[in-house]
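Working notes for the structure below.
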Amino acid sequence: MPQSLSQVLIHIVFSTKNRFPFLGDHAIRSDMHAYLGGACNRLECPCLTVGGVADHVHILCALSRNHSISEILADIKRESSKWVKTKGTDLAKFAWQNGYGVFSVSRSHVQDVSRYIREQEEHHRKKTFQEEYREFLEKHGVEYDERYLWD
């Protein structure tokens, strides 16, 4: 076959270091979401939705054929962290957690996942990030050790 094609959709989740609410300001949060979407697009990962709350983000995008998941995450975390630190002295110590979660999404679930991501503020009135993340891991059958889940 002369052409390489793919359509792999992923839901990415990661938090700020120690879940510190660096993104509490709605304007900074909105700008961060836009920046993350642009970073995904630059890495050939067309972004469908970005959302989150003060201490974590969710990204729904297509996976690039040319970059590994770890390369993509390292790049968007590094670049967005450098960028946000220029937005004020209160963000000078901004950092993302080391890890991340990436979950496959079927085409038939794109609308539901997008809505879920857009409605993060409402969702987190009832559930913490830790509860949400554990549910994702269990729903997707990901084995984990609680001792190494948070940083």
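Per-residue ellipticity at 222 nm from helix content only, as computed over the chain with -39500 (n - 2.57) for each DSSP H run of at least four residues, stands at -11500 deg cm²/dmol. Sequence-distant contacts, meaning Cα pairs under 8 Å at least 6 residues apart, place the relative contact order of segment 1-69 at 41 percent.
Amide H contacts for A95 (H built 1.01 Å from N in the peptide plane; partners 5 or more residues away or on another chain; cut-off under 5 Å): K17. Sorting 55-61, 141-147, 103-109 by their mean Cβ neighbour count within 10 Å, with the most densely packed peptide first, gives 55-61, 103-109, 141-147. Taking amide H atoms as placed 1.01 Å from N in the peptide plane, the amide H of H56 lies under 5 Å from those of T16, each 5 or more residues away in sequence or on another chain.
For the chain, the relative contact order comes to 31 percent (Cα pairs under 8 Å, sequence separation of at least 6). For the chain, the number of Lys pairs separated by eight or more positions or lying on different chains, with C-alpha atoms closer than 26 Å, is 17. Note on segment 71-129: Cα-Cα pairs beyond 20 Å make up 52% of the total pair count. In a GNM of the chain with a 10 Å cut-off on Cα contacts, which of D75, D31, D112 has the highest mean-square fluctuation? Fluctuation is largest for D112. Calculated FRET efficiency, S4 to S108, Cβ-Cβ distance, R0 = 25 Å: about 0.55 to the nearest 0.05.
Once the Cα-Cα distance is subtracted from the 0.36 nm per residue extended length, the W150 to E131 segment shows a gain of 5.6 nm. Karplus-derived 3J(HN,Hα) values for segment 82-92, using 6.51 cos²θ - 1.76 cosθ + 1.60 with θ = phi - 60°, are 4, 4, 5, 5, 7, 8, x, 5, 5, 10, 4 Hz; glycine and proline are entered as x.
Placing a pseudo-label 7 Å from each Cα along the Cα-to-Cβ vector at H140 and N41 gives an inter-label distance of 2.4 nm.
Distance from the Cα centre of segment 2-25 to that of segment 64-84, in angstrom? Spelled out, the Cα-based centre of one part sits 9 Å from the other.
In segment 9-148, Rg over Rh equals 0.93, where Rg is the alpha-carbon radius of gyration and Rh the Kirkwood radius from pairwise Cα distances.
The numbers here are math on the coordinates, done by the rules we state, and not lab data. These numbers come from a predicted model, not from an experiment. Here Cβ is always computed from backbone atoms with ideal geometry, including for glycine, and neighbour counts include all displayed protein chains.
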